[in-house]
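The structure appears right after this line, and notes come after that.
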Amino acid sequence: MFRLAPALAAFVAVLFPTPLLQPVNASTELAEGLYTTSYDLTNLATLSKHVWHMEMAMDVYDSLLFYSEGMDDTSKTLQSLSTDAPEKMAGEFHYTLYSKANNNATYADNIIWSLYKKDEDDSTDIMSKVLARAALTQGVWMHVTHRLHKVSSECAERLKDASVGDYNGGSHAIDEAAALYIGIEQMVGDYTKGHSLYNLAERGRFQFHTETEGQATVNARVVTLLRETQDMIKTGACDATDGGGDAPLQIKSKSDQIISQMAVPLVQMLIHNMYQHDKNDEYHRYAPLVEVYARAVLPQLAACRPLLSKNLEHNLLFPEDHNKFMSDGLEKLLEQLQGAYHCLGITCADVGSYKDEVIPECVDPSTEMLVGYEPVSDVTEHSYIDIDILQMRILMDEGAFDAAKHIYMHGRNSRWKNTNEFRSLQDLSSSGEIKKSGLFPAFKEYFGDEDYAVTVAMEGLDGADDGLTNRQRRTVVVNSSVFLTLFMYIVGILHDVRDDCFSENKSVRNMAHMWDKAVAYFAGSLEGPRIWGSPDGQLQHRASARLCRTFGRCIEGSDDSGSVLNARIVTAFTEGQTLIKEGNCAKVASVVDGTLVPALLAQLVQGLLSGVYNMSVVAGVYEQDAMKEALIFALSILPLLNDEAADLVERYVVGIPAESGSGVEAPMKDGVLVIFNALQRAVTINSDDYLNKIDCEDVGTLVVEQEYLVVEQGNDLLLRLSICGGLDDDVNDVSVGFNAKQSSGSARRKPHFAAITLSLMGSYLLLISSLLINY
């Protein structure tokens, strides 16, 4: 095959420079006019030719020269797409996921060189092809996503101020995305012509028979969305005077759909090379290409299905021990990959069937068992809300708070039925369902704000206190989403179902679906079917699984991850499902009020007790983390406490200023026993308050080292702290000297939120921590 060496390519470029092909400022026709830009972007589109030269190079060394030096001095290089990324893409969703997964800000460049070093003695054409495909699927692919991210942000800037931006609110960025995606020399629907991502999609169409109107279905959709976005901008959608305020969100939705479709050929080519390797066993021919496409897909799976992604990584990333490559077998690996298509925003139909049903088109998953509970309705999309939380966690760890805020406000993974829009944590926080909770009035009164959960989360997202670290801000957002928003939303559903059951116009089908939704928001999608779940979990079920070790409430044989309290909750959900079907409303109410709500509250009490104990035993930076652990749990139950208990929790947990965490003396050292006793009295006092219905045995017993506690009648034995029996050692009961006057009755608390109002709690926010920090 004829190959053009870099020196000759440069000579040809001097004789026939690319700009001569079109006049200055002319538009650029791509793929025979399939898309026409408003600017001369020939040089940018020509980067696709660099990919071709890399693949056609005489050896890997020439291939790397084309990668690093390009064809001439007038255009970008493929290497520059990666090396410029940290400055240009910082904070963007996809770039953050990929740089995080690869632990490298210039990860695309690093992948090229690591592939070369793995087999640098191999000068055959396969390695040139491997390097070229890596440059395309890493550098070019990410730069298309970067341009698409810019479109919506520039549109938003122009809506604020028509003088902002040189390119009319994203019109240049959308044309750049098209130029990079399609490239030069591409013909419509022709996989033998062209060299960029459009061409890769046509190759996928050839293998998987996914065609629409003479071209790959992916390309038909991508080009349509590119044109629609271009038309929106041209017709004034982003103009400050003529545009609509939701234009940036509409454009963002289109961009996200394009990026999802761009994942389809990556998956198709990954499957193709996995299959070819499995059937032909030509390791050096197919294994490097499997790695190329796996690296293009896995970072998105790692931010959606971490354990599954890790297993695929172990199997597919070209290990030094060739016997470990695809060691789990093609069938199992395909099942795992296909089960994670939703992480990429694609479906089985998008990918298609391989080579006339050699690998049939898969079936998109519907709701399976959720931690041992079998839904009778499809709540799959509801359960995906935990992926929003996982991705927000990753983004905030990396300082990408704007991207995290977009997910919080607008959602990303939990799709509304039959739409391209998503439910969000902010939606749930302000929903009517939350207001149906019998607990809600107390929280509204306490905080003086019916959107109190949103207020808390926004403090972390906006960084109201400049002294907060990324980790601390993340904790504010994640924990408030789980323990303020989703907890209250679950209780709202349960109370709604309970009340509807007694209604004359009740719908058993609707009640059953609502019941299933409550389980989905309790467990989430990542826990899987087993009753003790998975370490990937993000919601209240996972919090309880972690706390079961602390309180001695783990299921025997579950490797200290199966919570007895979780098992009780899931059993009650299953029982309630049957009772709803039978129409036994009295028993439904009993399950809700007597088991589920008290058990869910018991998990929050565990979190608070664990937090205040940790505050008593650790110092320095760990002390700050422990102080942060306690506050969200305190806020999640404070409105339900009697005056006596609430005053003590506010004094010892909420009211400790951040500077008290000096690392010299733990601030809770003389208060942890007081809190245990206060909560003991709060849950055992004779009243009808919600906390009084908690079974103290559900909370369990915390075993601690006595040396950390200040107790007059002490010894060196391990101590057992329980809200059932206060403080107890292995020999005798020990009095803890709690003499505060017991509150009578169940009078509603007066609002205490003024003392800790979030707009003024910069110092207090340093108290907030995460039970779910190290996943």
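The values are calculated or read from the model by the stated rules, or taken from the named source; none is laboratory data. In this text the structure is predicted, and so the values were computed from the model without any measurement. Glycine also receives a Cβ, built like all others from the backbone with ideal geometry; neighbour counts cover every protein chain displayed. Heavy atoms of the whole protein, side chains included, go into the accessibility calculation; ligands, DNA and RNA do not. Shrake-Rupley method; radii C 1.70, N 1.55, O 1.52, S 1.80 Å.
Structural remarks
- Of all the residues in region 407-429, those that are open to solvent by less than 50 Å² (accessible area, probe 1.4 Å), within 19 Å of Ser260 (Cβ to Cβ) and in a helix (DSSP H, G or I) number 1.
- Within region 582-610, considering residues that are among the small types (Gly, Ala, Ser) and without any contact (Cβ under 8 Å) to a residue 12 or more places away in the chain, the one surrounded by the most Cβ atoms within 10 Å (Cβ to Cβ): Ser590
- Positions within region 405-453 being of a type in the set (A, V, I, L, M, F, W, C) and within 20 Å of Ile394 (Cα to Cα), in sequence order: Ile407, Met409, Phe422, Leu425
- Verdict on Asp161 being open to solvent by 10 Å² or more (accessible area, probe 1.4 Å), at pLDDT below 95, among the acidic types (Asp, Glu) and farther than 24 Å from Tyr98 by Cα: yes
- Single match in Ser525, Ser544, Ser558, Ser563 (criterion: small (Gly, Ala, Ser), buried (at least 23 other Cβ atoms within 10 Å of the Cβ) and over 28 Å from Asp689 (Cα atoms)): Ser525
- Test: Ala108 is under 20 Å from Leu298 (Cβ atoms), of a type outside the set (Ser, Thr, Tyr) and modelled with pLDDT of 95 or more: yes
- Odd one out for Ala403, checked against (1) more than 30 Å from Ala512 (Cβ to Cβ); (2) surrounded by fewer than 21 Cβ atoms within 10 Å (Cβ to Cβ); (3) out of contact with any Lys or Arg (no Cβ under 9 Å at 6 or more places or on another chain): (2)
- Check on Leu289, in contact (Cβ under 8 Å) with a residue 24 or more places away in the chain, in a helix (DSSP H, G or I) and either among the acidic types (Asp, Glu) or open to solvent by 30 Å² or more (accessible area, probe 1.4 Å) (or both): no
- Here is the figure for region 65-82: residues that are buried (at least 20 other Cβ atoms within 10 Å of the Cβ) and assigned to a helix (DSSP H, G or I) total 6.
- Answer residue from region 326-368, given it is among the hydrophobic types (A, V, I, L, M, F, W, C) and loosely packed, with under 15 Cβ neighbours inside 10 Å and is farthest from Phe208 (Cα to Cα) among those: Val363
- Breaking point among (1) in contact (Cβ under 8 Å) with a residue 60 or more places away in the chain; (2) open to solvent by less than 20 Å² (accessible area, probe 1.4 Å), for Leu579: (1)
- Residues that are among the aromatic types (Phe, Trp, Tyr) and either touching a Cys at 6+ places or on another chain (Cβ under 7 Å) or open to solvent by 10 Å² or more (accessible area, probe 1.4 Å) (or both) occur in region 50-60; there is at least one.
- Residues that are over 18 Å from Ala518 (Cβ atoms), out of contact with any Gly (no Cβ under 6 Å at 6 or more places or on another chain) and at pLDDT below 95 within region 555-582 comprise Glu556, Gly557, Ser558, Asp559, Asp560, Ser561, Gly562, Val564, listed in sequence order.
- For region 213-247, the set of residues classified as under 20 Å from Thr347 (Cβ atoms), open to solvent by 50 Å² or more (accessible area, probe 1.4 Å) and outside any loop (DSSP other than H, G, I, E, B) consists of Arg221, Thr224, listed by residue number.
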